[in-house]
Amino acid sequence: MAWAYLFLAAALEIVMGISLKLNAGWTRLGASIIAVMAGLGSIYLLALALRSLPVGMAYAMWTGTGTIGLVLAGMLIFQDEMSWPRVCFMGLAFIGIIGLRFCETTG
C-alpha cells in the first residue's frame, strides 16, 4: 500500500504544479485552491508512504516522478520546449527512479 500512496502523492504533486502555473501568481482563486489542496494531499500521502518506506528513497521517488510528470505536462499542455537533450535527461531520471524502486526491499 505504501507504493500506492507514494505514486498518488506524486500525481498530486503534478496537479499542484499545473495548478500553480494556471493560478497566475495566486490571482485565480480556483487554481490557487486546487494547488494548495493538491500540495497538502501530496504531503499527506507521502507521510503515509513513509510509515514503511525509507525516507531518502521515497522522497527521491516522489520528487523525481513529480518532476518527470511536470516536464511532460509542460510539453503537452503549455507547449514547453521538447528537445532531444531534455528527453534524454528525463530518460536518465526515469532510469534512476526505476533503479531506486528495484533496489528497495521493504514496502
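General observations
- Scanning segment 35-60 for residues that are modelled with pLDDT under 95, more than 12 Å from the chain's Cα centre (by Cα) and hydrophobic (A, V, I, L, M, F, W, C) turns up Leu53, Val55, Met57.
- Of all residues making up segment 53-64, the number that are open to solvent by 60 Å² or more (accessible area, probe 1.4 Å) and touching a residue at least 12 places away in the same chain (Cβ under 8 Å): 1
- Residues of segment 24-31 include at least one that is surrounded by 15 or more Cβ atoms within 10 Å (Cβ to Cβ) and more than 18 Å from Val71 (Cα to Cα).
- Single residue of segment 61-92 satisfying the filter (over 16 Å from Ile14 (Cα atoms) and of a type in the set (A, V, I, L, M)) that is modelled with the highest pLDDT: Leu92
- For Arg86, the test of being of a type in the set (D, E, K, R), open to solvent by 50 Å² or more (accessible area, probe 1.4 Å), over 22 Å from Lys21 (Cβ atoms) and touching a helix residue (DSSP H, G or I) at 6+ places or on another chain (Cβ under 8 Å) is failed.
The values are calculated or read from the model by the stated rules, or taken from the named source; none is laboratory data. Since the structure is predicted, the reported quantities are computational estimates derived from the model, not experimental observations. All Cβ positions, glycine included, derive from the backbone under ideal geometry; neighbour counts span all protein chains shown. Surface areas here come from the heavy atoms of the whole protein model, side chains and all, with no ligands, DNA or RNA. Shrake-Rupley method; radii C 1.70, N 1.55, O 1.52, S 1.80 Å.
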